[in-house]
Structure formats: C-alpha cells, structure tokens
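Every read-out reported here was derived from the displayed coordinates using simple, explicitly stated rules and does not represent laboratory data. Small disclaimer: the values here were computed from a predicted structure and weren't measured. Note that we place each Cβ from the backbone using ideal geometry, even for glycine, and neighbour counts take in every protein chain shown.
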Amino acid sequence: MPPLLGDWRHGFAALGPSFFTELPPTPLPSPHWVGVSGAVAALLDLPSGWQQRADALQVFTGNALPPGSQPLASVYSGHQFGVWAGQLGDGRAILLGETAGGQEIQLKGCGRTPYSRMGDGRAVLRSSIREFLCSEAMAALAIPTTRALCVTGSPQPVAREELETAAVVTRVAPSFIRFGHFEHFAARGQEVELRQLADYVIDRYYPACRGAANPYARLLQLVSERTAALLAQWQAVGFCHGVMNTDNMSILGLTIDYGPFQFLDAFDPNHICNHSDHLGRYAFNRQPGVAYWNLLCLAKALLPLIRDVEQAQAALDDYEPVFVEQFMARMRAKLGLLRTSAGDETLVDGLQQLLAAGRVDYTIFWRRLSHAVARGDFEPVRDMFADRAAFDAWLLSYKELLARDDKALSADLMLKTNPRFVLRNHLAEQAISAAKLGDFSELQTLQTLLARPFDEHPGFEAYADFPPDWASTISISCSS
C-alpha cells in the first residue's frame with residue numbers, strides 16, 4: 001500500500017526551535033468524515049481510494065501521525081483590532097509538515113498547544129464547515145487562498161456560545177507564515193531570527209528579491225503588491241474577511257483564517273460582518289485601508305533588516321496604485337468593458353452609490369446585468385432599483401461605453417466574471433444545521449455548486465436566489 005502522503009520535506013521546521021514547539025495533535029474519539037475536496041486531494045497527489053483507507057481518517061483527525069511527518073505549532077505575535085496583542089501563535093493548529101510537492105499540511109482544531117493561551121485548542125463543526133466551504137469557494141473564484149482537504153468530526157463536546165461538537169479541518173498552503181511571524185521577532189529584538197525568517201521566505205517564495213539592492217525592501221514591496229491585488233479581488237466580489245488582524249495576514253498574499261467572513265447580500269459599504277467588531281474596524285469599505293495599516297506594521301518589523309525608513313516607506317508606495325489598477329480591471333470585467341476609458345472610475349463610483357442607496361443584492365445584480373447584456377433586456381435589472389430614474393441615467397452612460405465593444409464578447413466575459421453562486425451565510429447555516437444531524441448532503445450540494453460558481457446549474461435556482469429574511473439575523477463572530 002503506497003504511503004498516504006508520500007515523501008516529506010520540512011522547510012519551516014529547519015528554521016529551528018525558536019520558531020515553533022514540536023508536539024503531536026491531541027486525539028479525538030470516534031472520528032467520522034464530514035467533507036472532502038477532490039481538487040485538493042489531487043493537488044496533494046493522494047493515492048487512489050485514499051478516503052477509504054483506515055489510516056486516512058485517523059491522520060486527518062490528529063489521532064495518528066503519517067510516517068515522516070514532523071508535527072509542530074509555530075509562534076507569532078500581532079496586532080488584534082489595531083492593538084498590540086503580544087505573543088500569539090498556533091493555538092489550535094499543528095503543522096504536520098510539507099509535502100514533496102511544496103504544500104504544507106496543517107490540522108486546525110487538533111488540541112492545545114503552548115500558544116493556546118486560555119483556549120481549548122479545538123474547533124467546532126460549525127466553524128470547520130464554514131472554513132472548508134469558503135476555502136474551496138474562493139479557489140473556484142480564482143482568489144488566492146489557503147485550501148481545505150477535508151473536515152472530520154467527533155462527538156466530543158466543545159463549549160462555545162453553546163455546547164457544540166468538535167471537528168478538524170485539514171488546511172493546505174505553500175506556507176502559513178503571517179505578518180505576525182515577523183512582528184514576533186522584531187518586537188523581541190531577535191534580529192538573528194528575524195533575518196533567518198526573512199531569508200527563508202525570500203529563498204523559498206520570493207527568490208527574485210536576491211538580485212535587488214536591498215532584498216528585504218524588495219520583499220516588502222512584493223508582499224505589498226500581492227496584498228493589494230488580493231484586496232482588489234475581495235472588494236470586487238463583495239467578500240468581507242471580518243478579522244484582518246496582522247496575525248491573519250499571509251506573507252504570500254493568500255486569504256487565510258476564515259472566521260467571521262461573509263459575502264455581501266445587500267450592498268452596504270459600511271457592512272460589519274463580525275459581531276465582535278464593535279467599532280467597525282473591519283467594515284467592508286475599510287478593508288483596503290486596514291491592509292495598508294497591516295503592511296505598515298510589517299514594514300516596521302522588517303526595518304531592522306531594511307535599515308532605512310525611507311526605503312521601507314517607498315516599498316509600500318505601490319500599494320494604492322496597484323490596488324486601484326487591479327480593482328478597476330476587475331470592475332471593467334464585471335461590466336464587460338473590453339477597453340479602458342477615462343470615464344470608467346466615474347461609472348463604477350456611480351454604480352456603487354446606486355447599489356448602496358438601494359441596498360441592492362450584490363451578487364444577483366451582477367449576474368442579472370450579465371444576462372441583460374447577453375439578451376439586450378435590462379428590465380430584470382431595473383426591477384432591483386427603487387429609484388429607476390437614477391438607474392436609467394447610469395444605464396445610459398454604461399450603454400455608451402458598452403457599445404464600443406462586441407456584445408457577445410462582453411457578455412461572455414461578464415458571465416465568466418460574475419458568479420451565480422457564492423457562499424452566502426444562510427446557505428452555510430443550512431448545511432451546518434443538516435450536518436449537526438448527521439446529514440452531509442447539503443454540504444455536498446454546496447460543494448458542487450461552489451466548485452463551478454459561474455455555471456447555471458439548472459434545478460438549483462434556490463441557491464442563487466435572494467436570501468430569506470432570517471439571514472439578516474445570523475450572528476457571526478470570532479468563534480465562527
């Protein structure tokens with residue numbers, strides 16, 4: 001029988017004990033499968049029939065270690081809600097190691113670590129399903145993200161706002177290094193370890209930096225550009241992260257740590273998806289600014305290596321222009337505009353104001369507009385606006401720009417850019433409610449739809465419809 005995960009390499013573990021604590025996961029009783037991603041299994045080159053193997057369920061629940069793994073929990077620090085929180089770390093996640101293909105495998109919810117602080121080290125079924133589904137949904141939308149191989153569940157009780165059951169999600173990424181890893185060593189004055197970490201990241205993930213006059217400034221610049229591009233994608237698709245602490249920011253520009261996330265229902269620039277965010281620090285329209293603030297924290301952490309404040313600041317100068325360029329490119333694609341014109345930003349700004357004023361459903365609007373361009377019938381779109389005169393004025397300007405391009409090409413671009421299906425909160429809640437009763441069919445249906453979000457999927461229209469009234473009462477917080 002071939003090994004489950006093949007050969008291992010241990011790049012992060014080679015950094016040494018200053019960066020982590022070695023320890024095994026804590027087992028869970030009576031584990032069972034909840035959900036599995038075939039796409040991630042293929043990414044990891046898992047052997048055929050792996051899910052039926054007795055060792056697979058045990059390994060991905062943390063009850064057994066695959067041969068050659070080197071389990072560890074990493075230490076980092078960070079700013080949480082804009083306040084320095086000091087030492088943090090993997091409080092409920094353990095890195096098994098890195099596959100020969102360069103993917104790190106991490107078990108989230110597998111017990112206490114030295115960095116758990118007052119936590120129990122566990123994840124619950126609810127939050128694990130949300131992370132599993134959203135990781136794969138974002139990947140299907142071509143938004144950079146950590147991935148999720150599977151979720152396993154256990155009847156072991158876990159106390160949150162109420163008593164829930166335990167689960168483990170197997171996360172996959174080229175690296176789980178965060179801004180907070182750098183902040184940790186900078187705050188402690190550990191310049192040797194800070195340089196060691198930066199050199200590791202450059203050599204593994206940003207090798208082009210080695211040829212720069214100041215490799216560490218160049219690293220900061222490239223991380224800034226990746227982060228700007230990621231935020232542009234979030235804002236274009238209407239994704240709210242909900243808890244953009246510096247320890248939740250990936251050094252690779254990936255979406256990481258799915259907690260109180262949400263895809264917008266009604267378009268509200270000031271929407272706060274995290275009920276723990278009492279001051280609205282992470283409101284939807286503040287996300288690009290918060291990302292820049294987090295990059296300033298990273299720049300401060302890297303300053304002992306960059307050794308020049310002006311160079312560190314200059315490394316961030318591209319953030320805003322890259323964000324604007326990337327955001328506008330995505331909005332043009334959503335509008336089916338095949339060329340750039342001077343009035344594009346005015347058109348987009350005007351549309352966002354209309355959407356916000358009418359609290360128009362964001363995903364449905366864009367999908368209807370895509371079909372309207374394809375069919376030449378804009379009435380279903382007009383029906384979404386109470387102020388039709390204002391929409392008609394905008395539509396006139398839009399049609400003038402659209403007329404320059406081939407209608408069929410524009411419509412095709414829009415239908416490949418504006419998803420029909422996103423992971424709305426109420427859809428996740430329905431899958432979670434069924435899963436709590438042992439029924440995983442709703443989860444599997446969502447997986448199928450979200451894996452191909454731009455397809456029509458006849459017979460599943462309800463999953464692309466307006467959210468029910470009770471959706472607005474769903475409360476998601478940092479425990480979600």
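Take each uninterrupted DSSP H stretch in the chain, measure its Cα extent along the helix axis, and return the ones at 27 Å or beyond whose mean Kyte-Doolittle hydropathy is at least -1.0. Both cut-offs are met by 215-237, 287-306. Between the stretch 407-480 and the stretch 59-130, what's the alpha-carbon centroid distance in Å? After rounding, the separation between the Cα centres reads 28 Å. Loop-located GluC sites (Glu not before Pro) in the stretch 108-196 (DSSP state other than H, G, I, E, B) with a sparse environment of at most 16 neighbouring Cβ atoms within 10 Å: 161, 162. Is the shape of the stretch 300-425 rounded, prolate or oblate, going by the alpha carbon gyration tensor and its root eigenvalues a ≥ b ≥ c, with a/c under 1.5 for rounded and a/b larger than b/c for prolate? Here the stretch 300-425 falls in the prolate category. When DSSP beta bridges are restricted to pairs lying wholly in the stretch 1-128, around 100% turn out antiparallel.
What you get for the stretch 331-480, charging only the Cβ of Lys and Arg (+1) and of Asp and Glu (-1), is a dipole of about 300 debye around the Cα centre.
Here the residues 129, 474, 364, 105, ranked from fewest to most Cβ neighbours within 10 Å of their Cβ, fall in the order 474, 364, 105, 129.
Only helical runs count toward this figure. For the chain, summing -39,500 (n - 2.57) over DSSP H runs of n ≥ 4 and dividing by all residues gives -13000 deg cm²/dmol at 222 nm. Sparse packing (at most 11 other Cβ atoms within 10 Å of the Cβ) combined with a DSSP loop state is found for none of the trypsin sites (Lys or Arg not before Pro) in the stretch 86-129. Of the listed values [x] 37, 29, 20; [y] 52, 25, 19; [z] 33, 27, 25, identify the label whose number matches semi-axes √(5λ) of the Cα gyration tensor in Å calculated from this model. Answer by label: [x]. Within the shell of other residues whose beta carbon sits under 12 angstrom from the beta carbon of residue 60, the net charge comes to +2, with Lys and Arg scored +1 and Asp and Glu -1. What trypsin sites (Lys or Arg not before Pro) in the stretch 414-456 are in a loop by DSSP, with at most 14 other Cβ atoms within 10 Å of the Cβ? In loop regions of the stretch 414-456 (DSSP not H, G, I, E or B), the sparsely surrounded trypsin sites (Lys or Arg not before Pro) are 416. The gain in end-to-end length when the residue 403 to residue 21 segment is fully stretched comes to 131.4 nm, 0.36 nm per residue minus the alpha carbon separation.
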